[in-house]
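The next block holds one structure in the form of structure tokens; read it before the comments.
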Amino acid sequence: MTADSSASDAEVRVLDVRAPFRHSAGRLGSEFLQALRERRLLGLRAGDQVIVPPRDFGARGEWVAIGPGARLEAYAPADWVDGGGSCLALVTVDGADTALLARLRPAAPAGALAKGTRLTLQFADKPRGSMTDFWFEPAEAGT
Amino acid sequence: MTVPVAIVGSADRIGRDFAVDAAVSQCVSAALAAALLALADIDAVVTTGSDALDGGMVGVRAGIAGGYGRELLSVPSSGGHAFAAAVSLVQSGQARNVIVAGWGEGTKFALRDGRGLQADPFYARPVGADAATMAALQAQRLVADGVLTVEDLAAYGAAMRCRAEGAGAGAGGIEPWLQTQWTDGACAIVLQTGEAGVRVTDIGTSFRGYTPPADDLDPGGWISMAMPGMENIAGEALTSAGAALARSRPRRSPITAPKSSRSRPPPTMISRARWRPMPAGRRASTAAPISRTATRRSLASRSTSRARTPSPSSRSWSRAAISSSTTSAPACWIARA
């Protein structure tokens, strides 16, 4: 091989660069995520509202169990979520005062569901303490 | 007592298929000409860009904005923050003439919109949040709450497409009003000590953190103070787009303003919808002119006319109440092909 190799001789390799890091979920986030491992969805009563997921406003709060019933506020397709099997939705869980961003299964076409549709909370078989441990499904009639 | 600050010159360029760095230099020159100043008169340069786009580069590329050899402040977060920082430089007496230059190549997002990385890493990002979907969810709630109608949003979307000078269609199957319209742009604003030009009376409560009043350090109070002004500006923007905004209903908030804030009148905001609707069908040209809009005379007359603007409570947009959707409203307005 000569020193002035042509470009076609150049070896090209794909380098997979990752930068993993550790970051605390915080006082409230840790409690919330750990409860998910136990299939419990918690809201934080802060002032006159129950907030989910919890946000730290610096005030004392009280954890309350919320769900499993919920109400649909809005939804939008998200092809990249669960291979297109889920939508992203804003959901107000029974017992909470703020809407939660969560997955809605199965993926519903435009206009198929109305604001206020009753939903029910579902947990994965093996929850890992992540927001992907649970999702919402339309509730059966009468529930 | 702080020093009075005024905008004495500005220029911008919006479009695509042009070199953004050259556009920045052209905007700076045009803004200086409008202000009847030379670059040598500038004491400090503030550069800015969105932290999701060119924000990381506005510091190292400050030379294209005239930053070489001058006091330089880079604010790689947003134009609003940069404006507030520039105003603070003048108000505090650190500079008499300041130029704020910002730019961004939004068309990069047409290839890949990476703003999902800005979602909350513990709650929103794992679920799959992205900017377009979150905007759609928020829009649907506003529609369902009767704050906006789909027609309002469609008009706003059309106006934004016009503002982007006929950007190409978004992903197939999405309603036109939800399609993102990316464009490139550059802007320069000259601020000066004194009363001439458009007087800056408030930097906007969102940026109050730069200059908090000594007796009011609660950000919740700043937000409460800002809401009437924000509603005012949103109404003006929608009116310009041919749409309307209904008065929002009082909402409970976990944050309560301190009494001192609640008793104050809402701040006057300097930010105004200053865009000019483009004729339908107009395409961006590679030779799109720099729009030099602010001369001392025109700014003075604009300031005078603004003083006669009716109060927010009497604006026509507030009378155009939007019919409220109810629980029967569909919760999803996006149609995919």
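The values are calculated or read from the model by the stated rules, or taken from the named source; none is laboratory data. Predicted, not measured: the structure shown is a model, and the values here were computed from it. When we count neighbours, we look across all protein chains shown, and the Cβ atoms used for this are built from the backbone with ideal geometry, even at glycine. What goes into the accessible areas is simple: the full protein's heavy atoms, side chains included, and nothing from ligands, DNA or RNA. Shrake-Rupley method; radii C 1.70, N 1.55, O 1.52, S 1.80 Å.
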Just wondering, is there one or more residues in region A:16-27 that are within 12 Å of chain B (Cβ to nearest Cβ), open to solvent by 20 Å² or more (accessible area, probe 1.4 Å) and part of a helix (DSSP H, G or I)? yes
Would you please name the residue that is most open to solvent (accessible area, probe 1.4 Å), looking only at residues in region B:1-23 that are more than 15 Å from B:Arg199 (Cβ to Cβ) and in a strand (DSSP E or B)? B:Ile14
When (1) touching a residue at least 40 places away in the same chain (Cβ under 8 Å); (2) not in a loop (DSSP other than H, G, I, E, B) are applied to B:Leu72, the one that fails is (1)
Which of the following residues is on the phi < 0 side of the Ramachandran plot, surrounded by fewer than 19 Cβ atoms within 10 Å (Cβ to Cβ) and more than 10 Å from chain B (Cβ to nearest Cβ): A:Asp97, A:Asp125, A:Asp79? A:Asp125
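Residue by residue, here is whether (1) over 18 Å from A:Arg71 (Cβ atoms); (2) under 19 Å from the mean Cα position of the chain (by Cα) holds:
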| position | (1), (2) |
| --- | --- |
| A:Asp97 | no, yes |
| A:Arg103 | no, yes |
| A:Pro106 | yes, yes |
| A:Lys115 | no, no |
| A:Asp125 | yes, yes |
| A:Ser130 | yes, yes |
When you check B:Gly104 against the structure, is it over 21 Å from B:Gly63 (Cβ atoms) and either under 15 Å from the mean Cα position of the chain (by Cα) or modelled with pLDDT under 90 (or both), yes or no? no
Can you find even one residue in region A:69-84 that is under 19 Å from B:Ala124 (Cβ atoms), part of a strand (DSSP E or B) and among the acidic types (Asp, Glu)? yes
Can you say whether A:Ala102 is facing chain B (nearest Cβ under 10 Å), buried (at least 17 other Cβ atoms within 10 Å of the Cβ) and touching a strand residue (DSSP E or B) at 6+ places or on another chain (Cβ under 6 Å), as far as the supplied structure shows? yes
Unmet requirement for A:Leu101, which otherwise passes all of (1) closer than 17 Å to B:Met134 by Cβ; (2) touching a Lys or Arg at 6+ places or on another chain (Cβ under 8 Å): (2)
Checking A:Arg118 against (1) more than 9 Å from every other protein chain (Cβ to nearest Cβ); (2) open to solvent by less than 50 Å² (accessible area, probe 1.4 Å); (3) touching a residue at least 12 places away in the same chain (Cβ under 8 Å), only one condition comes out false. Which one? (2)
